[in-house]
1. I need the trypsin sites (Lys or Arg not before Pro) found in segment 299-388, filtered to DSSP loop residues with at most 10 other beta carbons within 10 Å of theirs.
2. Nothing charged except the Cβ atoms of Lys and Arg (+1) and of Asp and Glu (-1): what's the magnitude of the dipole of segment 99-138 about its Cα centre? Round to the nearest 20 debye.
3. Amide H of Arg127 versus every other amide H placed in the peptide plane: which residues, excluding those fewer than 5 positions away on the same chain, fall under 5 Å?
4. Can you tell me what the convex hull of the Cα atoms of the chain projects to on average, as an area in nm²?
5. Calculate the all-directions average of the projected area of segment 370-498's alpha-carbon convex hull, and give it in nm².
6. How big is the dipole moment of segment 9-154 about its Cα centre under a simple scheme where the beta carbon of each Lys and Arg is +1, that of each Asp and Glu is -1, and everything else is neutral? Debye, nearest 20, please.
7. Quantify, in whole percent, the carbon and sulfur part of the accessible surface of segment 157-288 (1.4 Å probe; protein heavy atoms only).
8. Hey, got the dipole for the chain? About the Cα centre, +1 on K and R Cβ, -1 on D and E Cβ, debye to the nearest 20?
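The values are calculated or read from the model by the stated rules, or taken from the named source; none is laboratory data. Everything numeric in this text was worked out from a predicted model, so none of it was measured. Reconstructed Cβ throughout: ideal geometry from the backbone, glycine too, with neighbour counts over all protein chains shown. Quick note on the areas: whole protein, heavy atoms, side chains included, nothing else; ligands and nucleic acids left out. Shrake-Rupley method; radii C 1.70, N 1.55, O 1.52, S 1.80 Å.
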Amino acid sequence: MGLLASGAGTAGPLFELLGGDRAARLYAKQCAVCHGDDLGGAAQGPALVGAPLRRGDSVAELERSIADGSPELGMPAWAGTLEADRIKSLAILVAERRRNLSDDDFRMDKQLALPAGPVAAERATFRLEVVATGIDPYPFSIAPLPSGDILLTEKKRGLSIVHPDGTRSVPIAGAPETSDKGAIRGGLDYGIGWHLDVKPHPNYRENGWVYLHHTDLCTDCRRRKMLGFFAKSMNRLVRGRIEGDRWVDQEVIWSAPEKFYHPNPDLAAGGRIAFDNNGHVYLSVGIKRGDKGVQDLGSPYGKIHRVRDDGTIPPDNPFVDTPGALPSVWSYGHRNPQGLEFDPRTGSLWSTEMGPRGGDEINRIERGKNYGWPLHSLGMNYDGTPVGPKRGLRVDLSRIQRPVVDLTPSPAVSSFVIYAGHAFPGWRGDFLVGSLKATELYRIEIDGGRHVRTEVLLTDLARIRDVEVGPEGWLYLLLEHATGGQIVRLVPASGPPD
(Lines give C-alpha, C1' and ligand atoms only; values in the text may rest on other atoms or scores of the structure.)
Protein backbone atom coordinates (compact mmCIF):
# COMPACT_ATOMS: atom_id res chain seq x y z
CA MET A 1 0.00 0.00 0.00
CA GLY A 2 1.68 3.24 -1.09
CA LEU A 3 0.72 6.86 -0.45
CA LEU A 4 2.93 8.28 -3.23
CA ALA A 5 5.52 10.06 -1.14
CA SER A 6 7.82 12.37 -3.07
CA GLY A 7 11.46 12.66 -2.07
CA ALA A 8 13.49 10.65 0.37
CA GLY A 9 12.00 10.30 3.81
CA THR A 10 13.72 10.10 7.15
CA ALA A 11 12.45 7.50 9.57
CA GLY A 12 10.97 8.74 12.82
CA PRO A 13 11.15 6.93 16.18
CA LEU A 14 10.61 3.21 16.04
CA PHE A 15 6.92 2.63 15.50
CA GLU A 16 5.67 0.59 18.44
CA LEU A 17 2.93 -1.78 17.35
CA LEU A 18 0.86 -1.90 20.50
CA GLY A 19 -1.21 -5.04 20.84
CA GLY A 20 -4.32 -3.12 21.93
CA ASP A 21 -4.31 -0.72 18.98
CA ARG A 22 -6.40 -2.02 16.10
CA ALA A 23 -5.04 0.62 13.71
CA ALA A 24 -1.45 -0.37 14.51
CA ARG A 25 -2.20 -4.07 14.05
CA LEU A 26 -3.86 -3.32 10.72
CA TYR A 27 -0.86 -1.28 9.59
CA ALA A 28 1.50 -4.09 10.60
CA LYS A 29 -0.54 -6.61 8.63
CA GLN A 30 -1.27 -4.64 5.46
CA CYS A 31 1.23 -1.79 5.18
CA ALA A 32 4.52 -2.43 6.97
CA VAL A 33 5.92 -4.72 4.27
CA CYS A 34 5.94 -1.78 1.84
CA HIS A 35 6.38 1.20 4.13
CA GLY A 36 8.38 -0.19 7.05
CA ASP A 37 7.48 -0.92 10.64
CA ASP A 38 8.27 2.70 11.58
CA LEU A 39 6.66 4.27 8.45
CA GLY A 40 10.16 5.15 7.27
CA GLY A 41 9.90 3.29 3.96
CA ALA A 42 11.11 -0.05 2.61
CA ALA A 43 12.34 -1.50 -0.65
CA GLN A 44 8.80 -1.86 -2.00
CA GLY A 45 7.41 1.52 -0.93
CA PRO A 46 8.22 5.09 0.06
CA ALA A 47 8.37 6.66 3.50
CA LEU A 48 5.15 7.96 4.99
CA VAL A 49 6.90 10.28 7.45
CA GLY A 50 9.58 12.88 6.96
CA ALA A 51 8.65 13.71 3.37
CA PRO A 52 5.80 15.40 1.49
CA LEU A 53 3.02 13.17 0.17
CA ARG A 54 2.01 13.88 -3.39
CA ARG A 55 -1.68 13.44 -2.68
CA GLY A 56 -1.63 15.45 0.54
CA ASP A 57 -1.47 14.46 4.18
CA SER A 58 -4.76 15.57 5.68
CA VAL A 59 -6.86 12.73 7.03
CA ALA A 60 -9.34 13.12 4.17
CA GLU A 61 -6.55 13.07 1.57
CA LEU A 62 -4.94 10.04 3.18
CA GLU A 63 -8.27 8.22 3.20
CA ARG A 64 -8.70 8.87 -0.52
CA SER A 65 -5.17 7.72 -1.28
CA ILE A 66 -5.65 4.48 0.61
CA ALA A 67 -9.13 3.84 -0.78
CA ASP A 68 -8.31 4.61 -4.44
CA GLY A 69 -4.78 3.20 -4.55
CA SER A 70 -2.37 3.61 -7.47
CA PRO A 71 -2.43 0.38 -9.45
CA GLU A 72 0.13 1.74 -11.90
CA LEU A 73 2.61 1.95 -9.02
CA GLY A 74 1.66 -1.38 -7.54
CA MET A 75 -0.63 -0.03 -4.85
CA PRO A 76 -4.07 -1.68 -4.80
CA ALA A 77 -7.30 0.17 -4.18
CA TRP A 78 -8.08 -0.83 -0.62
CA ALA A 79 -11.69 0.36 -0.79
CA GLY A 80 -12.69 -3.05 -2.09
CA THR A 81 -10.88 -4.89 0.71
CA LEU A 82 -11.13 -2.78 3.86
CA GLU A 83 -14.19 -1.22 5.45
CA ALA A 84 -14.33 2.58 5.46
CA ASP A 85 -13.74 2.81 9.22
CA ARG A 86 -10.54 0.73 8.90
CA ILE A 87 -9.27 2.94 6.10
CA LYS A 88 -10.01 5.96 8.28
CA SER A 89 -8.12 4.45 11.21
CA LEU A 90 -5.06 3.95 9.00
CA ALA A 91 -5.30 7.51 7.73
CA ILE A 92 -5.47 8.90 11.28
CA LEU A 93 -2.54 6.73 12.38
CA VAL A 94 -0.35 7.98 9.52
CA ALA A 95 -1.40 11.59 10.16
CA GLU A 96 -0.54 11.22 13.86
CA ARG A 97 2.92 9.88 13.08
CA ARG A 98 3.60 12.60 10.51
CA ARG A 99 2.91 15.26 13.17
CA ASN A 100 4.57 13.30 15.99
CA LEU A 101 1.34 13.32 17.98
CA SER A 102 1.98 10.18 19.97
CA ASP A 103 -0.73 9.06 22.39
CA ASP A 104 1.79 8.58 25.19
CA ASP A 105 3.83 11.80 24.85
CA PHE A 106 2.06 14.73 26.51
CA ARG A 107 5.15 17.00 26.32
CA MET A 108 5.11 18.21 29.90
CA ASP A 109 8.90 18.03 30.05
CA LYS A 110 9.91 19.17 26.56
CA GLN A 111 12.37 22.03 26.43
CA LEU A 112 10.61 25.35 27.04
CA ALA A 113 12.22 28.21 25.14
CA LEU A 114 10.50 31.29 23.76
CA PRO A 115 11.43 32.61 20.31
CA ALA A 116 14.39 34.96 20.73
CA GLY A 117 13.25 37.59 18.25
CA PRO A 118 10.19 38.83 16.40
CA VAL A 119 7.84 36.26 14.88
CA ALA A 120 6.49 37.21 11.46
CA ALA A 121 2.96 35.88 10.88
CA GLU A 122 0.73 36.58 7.90
CA ARG A 123 -1.16 39.50 9.43
CA ALA A 124 1.05 40.58 12.33
CA THR A 125 4.60 40.54 13.59
CA PHE A 126 4.90 39.95 17.31
CA ARG A 127 7.32 38.99 20.02
CA LEU A 128 6.87 36.99 23.21
CA GLU A 129 7.46 38.33 26.71
CA VAL A 130 7.54 36.43 29.98
CA VAL A 131 5.02 37.84 32.46
CA ALA A 132 5.36 35.40 35.36
CA THR A 133 7.20 32.18 36.20
CA GLY A 134 7.22 29.80 39.16
CA ILE A 135 3.61 28.77 38.59
CA ASP A 136 2.46 25.26 39.47
CA PRO A 137 3.08 22.82 36.58
CA TYR A 138 -0.69 22.25 36.35
CA PRO A 139 -2.44 25.63 36.13
CA PHE A 140 -5.82 26.09 34.45
CA SER A 141 -6.90 29.66 33.85
CA ILE A 142 -5.91 33.32 33.71
CA ALA A 143 -8.14 36.38 33.59
CA PRO A 144 -6.54 39.78 32.93
CA LEU A 145 -8.22 42.57 34.91
CA PRO A 146 -8.60 46.27 33.99
CA SER A 147 -6.02 47.16 36.67
CA GLY A 148 -3.28 45.16 34.94
CA ASP A 149 -3.47 42.37 37.53
CA ILE A 150 -4.19 38.84 36.34
CA LEU A 151 -6.36 36.34 38.16
CA LEU A 152 -4.73 32.89 38.12
CA THR A 153 -6.07 29.46 39.00
CA GLU A 154 -3.77 26.55 39.69
CA LYS A 155 -5.71 23.32 39.90
CA LYS A 156 -4.37 22.23 43.28
CA ARG A 157 -3.13 25.54 44.74
CA GLY A 158 -6.25 27.58 44.13
CA LEU A 159 -6.83 31.22 43.20
CA SER A 160 -4.23 33.99 43.34
CA ILE A 161 -3.39 37.31 41.69
CA VAL A 162 -0.39 37.98 39.44
CA HIS A 163 0.67 41.61 39.54
CA PRO A 164 2.01 43.58 36.54
CA ASP A 165 5.60 43.17 37.75
CA GLY A 166 5.24 39.36 37.75
CA THR A 167 4.97 38.97 41.50
CA ARG A 168 1.94 37.23 42.90
CA SER A 169 -0.27 37.26 45.93
CA VAL A 170 -0.64 34.51 48.43
CA PRO A 171 -3.50 32.13 47.62
CA ILE A 172 -6.83 33.88 48.15
CA ALA A 173 -8.10 32.72 51.54
CA GLY A 174 -11.69 31.57 51.82
CA ALA A 175 -11.97 30.44 48.19
CA PRO A 176 -13.34 26.92 47.59
CA GLU A 177 -11.20 24.09 48.90
CA THR A 178 -8.70 22.38 46.62
CA SER A 179 -7.07 18.99 46.97
CA ASP A 180 -3.79 17.30 46.17
CA LYS A 181 -5.49 13.90 45.90
CA GLY A 182 -4.64 11.84 42.84
CA ALA A 183 -1.50 10.88 40.97
CA ILE A 184 0.67 11.97 38.05
CA ARG A 185 0.74 9.38 35.26
CA GLY A 186 2.55 9.93 31.98
CA GLY A 187 2.80 13.63 32.71
CA LEU A 188 -0.96 14.08 33.28
CA ASP A 189 -2.61 14.85 36.60
CA TYR A 190 -5.34 12.42 37.67
CA GLY A 191 -6.74 14.31 40.64
CA ILE A 192 -9.95 15.76 42.02
CA GLY A 193 -10.95 18.95 43.78
CA TRP A 194 -9.51 21.49 41.33
CA HIS A 195 -9.89 25.16 40.60
CA LEU A 196 -10.76 25.52 36.92
CA ASP A 197 -11.86 28.62 35.00
CA VAL A 198 -12.05 32.09 36.52
CA LYS A 199 -13.77 35.09 34.91
CA PRO A 200 -14.67 38.59 36.08
CA HIS A 201 -18.29 39.61 35.56
CA PRO A 202 -18.78 41.81 32.45
CA ASN A 203 -19.62 44.67 34.86
CA TYR A 204 -16.73 43.83 37.18
CA ARG A 205 -15.70 47.48 37.55
CA GLU A 206 -19.10 48.24 39.08
CA ASN A 207 -19.98 45.07 41.00
CA GLY A 208 -16.64 43.35 41.70
CA TRP A 209 -18.04 39.84 41.07
CA VAL A 210 -15.56 37.12 40.15
CA TYR A 211 -16.90 33.77 38.87
CA LEU A 212 -14.99 30.59 39.69
CA HIS A 213 -15.64 27.17 38.15
CA HIS A 214 -14.25 24.42 40.35
CA THR A 215 -14.79 20.77 41.17
CA ASP A 216 -16.47 20.69 44.54
CA LEU A 217 -15.11 18.08 46.93
CA CYS A 218 -17.73 16.03 48.70
CA THR A 219 -16.04 14.07 51.44
CA ASP A 220 -19.35 13.40 53.20
CA CYS A 221 -20.96 11.62 50.23
CA ARG A 222 -18.38 8.87 50.00
CA ARG A 223 -19.10 5.40 48.76
CA ARG A 224 -17.46 2.42 50.45
CA LYS A 225 -15.02 0.52 48.28
CA MET A 226 -13.19 -2.73 48.89
CA LEU A 227 -10.02 -0.82 49.78
CA GLY A 228 -11.59 2.02 51.73
CA PHE A 229 -13.23 5.37 51.10
CA PHE A 230 -12.80 7.59 48.08
CA ALA A 231 -13.67 11.28 47.97
CA LYS A 232 -15.93 12.47 45.17
CA SER A 233 -16.14 15.72 43.26
CA MET A 234 -18.36 17.48 40.75
CA ASN A 235 -18.33 20.72 38.78
CA ARG A 236 -19.73 23.77 40.56
CA LEU A 237 -19.89 27.47 39.65
CA VAL A 238 -19.64 30.07 42.40
CA ARG A 239 -19.11 33.79 42.50
CA GLY A 240 -17.47 35.98 45.11
CA ARG A 241 -15.53 39.17 45.60
CA ILE A 242 -11.85 39.59 46.41
CA GLU A 243 -11.07 41.96 49.25
CA GLY A 244 -7.35 42.16 49.83
CA ASP A 245 -6.26 38.54 50.01
CA ARG A 246 -9.67 37.12 50.96
CA TRP A 247 -12.61 35.64 49.03
CA VAL A 248 -15.87 37.01 50.41
CA ASP A 249 -19.60 37.13 49.64
CA GLN A 250 -19.60 33.71 47.98
CA GLU A 251 -22.80 32.57 46.25
CA VAL A 252 -23.40 29.26 44.50
CA ILE A 253 -24.52 29.98 40.92
CA TRP A 254 -24.80 26.40 39.62
CA SER A 255 -24.29 22.99 41.16
CA ALA A 256 -25.32 19.42 40.43
CA PRO A 257 -27.36 17.21 42.76
CA GLU A 258 -25.25 15.16 45.15
CA LYS A 259 -25.98 11.90 43.32
CA PHE A 260 -23.83 13.10 40.40
CA TYR A 261 -20.65 13.54 42.46
CA HIS A 262 -18.14 10.89 41.44
CA PRO A 263 -14.59 9.74 42.31
CA ASN A 264 -13.41 9.78 38.69
CA PRO A 265 -10.54 12.25 38.08
CA ASP A 266 -11.33 15.79 36.98
CA LEU A 267 -9.14 15.45 33.88
CA ALA A 268 -12.18 15.54 31.58
CA ALA A 269 -14.43 17.75 33.71
CA GLY A 270 -14.53 20.60 31.17
CA GLY A 271 -14.68 23.62 33.42
CA ARG A 272 -14.96 26.79 31.30
CA ILE A 273 -17.14 29.91 31.73
CA ALA A 274 -18.57 32.42 29.21
CA PHE A 275 -20.90 35.41 29.51
CA ASP A 276 -23.23 36.71 26.80
CA ASN A 277 -24.62 40.21 26.30
CA ASN A 278 -27.93 39.50 28.04
CA GLY A 279 -27.04 38.64 31.61
CA HIS A 280 -26.47 34.89 31.14
CA VAL A 281 -23.48 32.79 32.12
CA TYR A 282 -22.60 29.48 30.41
CA LEU A 283 -20.49 26.70 31.88
CA SER A 284 -19.13 23.51 30.35
CA VAL A 285 -19.18 20.09 32.02
CA GLY A 286 -17.29 17.22 30.42
CA ILE A 287 -17.35 13.44 30.72
CA LYS A 288 -16.72 13.42 34.46
CA ARG A 289 -18.20 9.91 34.59
CA GLY A 290 -16.97 8.53 31.30
CA ASP A 291 -19.63 8.37 28.62
CA LYS A 292 -22.41 7.73 31.12
CA GLY A 293 -25.19 10.30 30.98
CA VAL A 294 -23.80 12.36 28.10
CA GLN A 295 -26.91 11.79 25.97
CA ASP A 296 -29.25 11.94 28.99
CA LEU A 297 -30.88 15.34 29.53
CA GLY A 298 -31.38 14.45 33.19
CA SER A 299 -27.63 14.18 33.74
CA PRO A 300 -25.21 17.15 33.98
CA TYR A 301 -22.33 15.34 32.22
CA GLY A 302 -21.30 16.24 28.67
CA LYS A 303 -23.37 19.43 28.67
CA ILE A 304 -23.11 23.17 28.33
CA HIS A 305 -25.37 24.76 30.93
CA ARG A 306 -26.94 28.23 30.89
CA VAL A 307 -28.19 30.22 33.86
CA ARG A 308 -28.67 33.89 34.63
CA ASP A 309 -25.65 35.50 36.23
CA ASP A 310 -27.38 35.22 39.63
CA GLY A 311 -27.96 31.48 39.15
CA THR A 312 -31.66 31.52 38.34
CA ILE A 313 -32.92 29.52 35.35
CA PRO A 314 -33.90 31.49 32.24
CA PRO A 315 -37.43 30.56 31.14
CA ASP A 316 -36.30 30.26 27.49
CA ASN A 317 -33.79 27.47 28.16
CA PRO A 318 -34.60 24.66 25.74
CA PHE A 319 -35.48 21.89 28.20
CA VAL A 320 -37.18 23.83 31.00
CA ASP A 321 -40.48 22.05 30.30
CA THR A 322 -39.02 18.64 29.41
CA PRO A 323 -39.92 16.07 32.08
CA GLY A 324 -36.82 14.69 33.79
CA ALA A 325 -34.40 17.13 32.13
CA LEU A 326 -32.09 19.45 34.07
CA PRO A 327 -33.46 22.94 33.33
CA SER A 328 -29.97 24.45 33.00
CA VAL A 329 -29.01 22.33 29.96
CA TRP A 330 -28.34 24.45 26.87
CA SER A 331 -26.67 21.83 24.63
CA TYR A 332 -25.54 18.23 25.04
CA GLY A 333 -23.46 15.44 23.52
CA HIS A 334 -20.13 17.05 24.44
CA ARG A 335 -17.01 15.07 25.30
CA ASN A 336 -14.37 17.29 26.89
CA PRO A 337 -15.07 20.98 26.19
CA GLN A 338 -11.83 22.88 26.82
CA GLY A 339 -12.78 26.38 25.66
CA LEU A 340 -15.98 28.44 25.73
CA GLU A 341 -16.39 31.92 24.28
CA PHE A 342 -19.23 34.26 23.29
CA ASP A 343 -18.82 36.37 20.15
CA PRO A 344 -20.59 39.71 20.80
CA ARG A 345 -20.40 40.67 17.11
CA THR A 346 -22.61 37.79 16.02
CA GLY A 347 -24.32 36.77 19.25
CA SER A 348 -22.91 33.23 18.86
CA LEU A 349 -21.50 30.91 21.50
CA TRP A 350 -18.49 28.76 20.54
CA SER A 351 -16.64 25.86 22.13
CA THR A 352 -13.44 23.91 21.59
CA GLU A 353 -13.72 20.23 22.42
CA MET A 354 -11.26 17.37 22.73
CA GLY A 355 -12.00 14.14 20.91
CA PRO A 356 -10.15 10.87 21.51
CA ARG A 357 -7.71 10.05 18.63
CA GLY A 358 -8.90 12.69 16.23
CA GLY A 359 -12.20 14.47 16.54
CA ASP A 360 -10.97 17.62 18.26
CA GLU A 361 -13.53 20.24 17.29
CA ILE A 362 -14.54 23.87 17.18
CA ASN A 363 -18.31 24.06 17.50
CA ARG A 364 -20.88 26.80 17.26
CA ILE A 365 -23.11 26.06 20.23
CA GLU A 366 -26.80 26.35 19.45
CA ARG A 367 -29.82 26.15 21.71
CA GLY A 368 -30.93 22.59 22.45
CA LYS A 369 -28.63 20.91 19.91
CA ASN A 370 -26.91 17.52 20.20
CA TYR A 371 -23.16 17.48 19.43
CA GLY A 372 -22.94 13.74 19.10
CA TRP A 373 -20.68 12.22 21.73
CA PRO A 374 -20.44 9.22 22.19
CA LEU A 375 -22.59 8.35 19.17
CA HIS A 376 -20.43 10.00 16.51
CA SER A 377 -16.98 11.52 16.08
CA LEU A 378 -14.62 12.31 13.23
CA GLY A 379 -11.90 10.62 15.29
CA MET A 380 -11.52 7.07 16.56
CA ASN A 381 -11.24 5.48 19.98
CA TYR A 382 -7.82 5.20 21.58
CA ASP A 383 -7.64 1.53 20.66
CA GLY A 384 -8.22 2.26 16.98
CA THR A 385 -11.86 1.16 16.92
CA PRO A 386 -14.59 3.41 15.50
CA VAL A 387 -16.63 5.75 17.69
CA GLY A 388 -20.33 4.95 17.69
CA PRO A 389 -23.14 2.99 19.24
CA LYS A 390 -22.66 -0.69 19.92
CA ARG A 391 -24.60 -3.77 18.79
CA GLY A 392 -25.26 -2.50 15.28
CA LEU A 393 -27.38 0.49 16.30
CA ARG A 394 -27.49 3.29 13.75
CA VAL A 395 -27.23 7.02 14.36
CA ASP A 396 -29.34 9.62 12.60
CA LEU A 397 -26.57 12.06 11.69
CA SER A 398 -29.11 14.65 10.56
CA ARG A 399 -29.90 15.21 14.25
CA ILE A 400 -26.27 15.73 15.27
CA GLN A 401 -24.46 19.05 14.92
CA ARG A 402 -21.25 18.68 12.95
CA PRO A 403 -18.12 20.66 13.89
CA VAL A 404 -17.31 23.88 12.08
CA VAL A 405 -13.61 23.01 12.36
CA ASP A 406 -12.30 19.43 12.59
CA LEU A 407 -8.85 19.09 14.15
CA THR A 408 -7.78 15.56 13.23
CA PRO A 409 -5.28 14.23 14.18
CA SER A 410 -5.83 15.61 17.65
CA PRO A 411 -3.51 18.43 18.77
CA ALA A 412 -5.31 18.26 22.16
CA VAL A 413 -7.11 21.53 21.56
CA SER A 414 -7.41 23.76 24.62
CA SER A 415 -8.72 27.26 25.27
CA PHE A 416 -9.28 30.05 22.73
CA VAL A 417 -10.42 33.64 22.26
CA ILE A 418 -12.25 35.42 19.47
CA TYR A 419 -9.94 38.38 19.07
CA ALA A 420 -11.48 41.85 19.35
CA GLY A 421 -8.49 43.91 20.54
CA HIS A 422 -6.64 46.78 18.90
CA ALA A 423 -3.02 45.63 19.25
CA PHE A 424 -3.35 43.18 16.32
CA PRO A 425 -5.95 44.64 13.93
CA GLY A 426 -5.28 41.93 11.35
CA TRP A 427 -6.58 39.31 13.78
CA ARG A 428 -9.91 40.91 14.64
CA GLY A 429 -12.71 38.39 14.48
CA ASP A 430 -10.30 35.45 14.23
CA PHE A 431 -10.12 32.52 16.63
CA LEU A 432 -6.78 32.27 18.46
CA VAL A 433 -6.66 28.68 19.67
CA GLY A 434 -4.19 26.90 21.94
CA SER A 435 -3.18 23.24 22.03
CA LEU A 436 -1.64 20.96 24.60
CA LYS A 437 -0.04 17.92 22.99
CA ALA A 438 0.87 19.75 19.78
CA THR A 439 2.29 22.76 21.74
CA GLU A 440 1.02 25.08 19.00
CA LEU A 441 -1.01 28.31 18.76
CA TYR A 442 -3.39 28.67 15.80
CA ARG A 443 -5.13 31.58 14.10
CA ILE A 444 -8.32 30.21 12.59
CA GLU A 445 -10.53 32.17 10.23
CA ILE A 446 -14.25 31.38 10.39
CA ASP A 447 -16.57 33.33 8.13
CA GLY A 448 -20.33 32.91 8.23
CA GLY A 449 -19.99 29.73 10.25
CA ARG A 450 -17.57 28.23 7.71
CA HIS A 451 -13.92 27.35 8.29
CA VAL A 452 -11.83 29.40 5.87
CA ARG A 453 -8.23 28.62 6.83
CA THR A 454 -5.79 27.93 9.67
CA GLU A 455 -2.42 29.56 10.30
CA VAL A 456 0.06 28.20 12.84
CA LEU A 457 1.32 31.24 14.77
CA LEU A 458 3.62 29.38 17.18
CA THR A 459 4.93 25.85 17.10
CA ASP A 460 7.04 23.73 19.46
CA LEU A 461 6.35 26.09 22.37
CA ALA A 462 4.77 24.36 25.40
CA ARG A 463 1.40 23.03 26.47
CA ILE A 464 -0.94 26.05 26.17
CA ARG A 465 -3.66 25.66 28.79
CA ASP A 466 -5.38 29.05 28.47
CA VAL A 467 -5.54 31.93 25.97
CA GLU A 468 -6.84 35.36 27.00
CA VAL A 469 -6.74 39.00 25.86
CA GLY A 470 -5.66 41.81 28.17
CA PRO A 471 -7.13 45.32 28.30
CA GLU A 472 -4.32 46.59 26.06
CA GLY A 473 -5.16 44.00 23.37
CA TRP A 474 -2.11 41.84 24.02
CA LEU A 475 -2.56 38.08 23.91
CA TYR A 476 -1.75 36.17 27.10
CA LEU A 477 -0.90 32.45 27.18
CA LEU A 478 -0.84 30.21 30.24
CA LEU A 479 1.78 27.48 29.76
CA GLU A 480 2.06 24.12 31.49
CA HIS A 481 5.48 22.61 32.09
CA ALA A 482 7.03 20.05 34.39
CA THR A 483 9.55 22.59 35.73
CA GLY A 484 6.83 25.16 36.45
CA GLY A 485 4.11 26.95 34.55
CA GLN A 486 4.50 30.39 33.00
CA ILE A 487 2.40 33.28 31.79
CA VAL A 488 3.70 34.80 28.56
CA ARG A 489 2.20 37.38 26.23
CA LEU A 490 2.29 38.26 22.55
CA VAL A 491 2.89 41.97 21.96
CA PRO A 492 3.38 43.83 18.66
CA ALA A 493 7.02 43.68 17.58
CA SER A 494 7.05 47.47 17.32
CA GLY A 495 5.95 47.85 20.94
CA PRO A 496 8.16 49.06 23.80
CA PRO A 497 10.98 46.73 24.94
CA ASP A 498 10.79 44.76 28.18
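1. For trypsin sites (Lys or Arg not before Pro) across segment 299-388 that sit outside H, G, I, E and B with at most 10 neighbouring Cβ atoms in 10 Å, the list reads Arg345.
2. Numbers: 5 positive and 7 negative charges, 57 e Å.
With Lys and Arg at +1 and Asp and Glu at -1, about 280 debye.
3. Amide H neighbours of Arg127, under 5 Å, 5+ apart: Val119, Val491, Ala493.
4. Working: hull surface 99.6 nm².
So the Cα hull casts an average projection of 24.9 nm².
5. Values: hull surface 42.5 nm².
Dividing the Cα hull surface by four gives the mean projection, 10.6 nm².
6. Details: 15 positive and 21 negative charges, 96 e Å.
In debye, rounded to 20, segment 9-154 gives about 460.
7. On the way: 2800 of 5970 Å².
Exposed carbon and sulfur together represent 47 percent of the surface.
8. Values: 59 positive and 62 negative charges, 254 e Å.
Here the size comes out at about 1220 debye.
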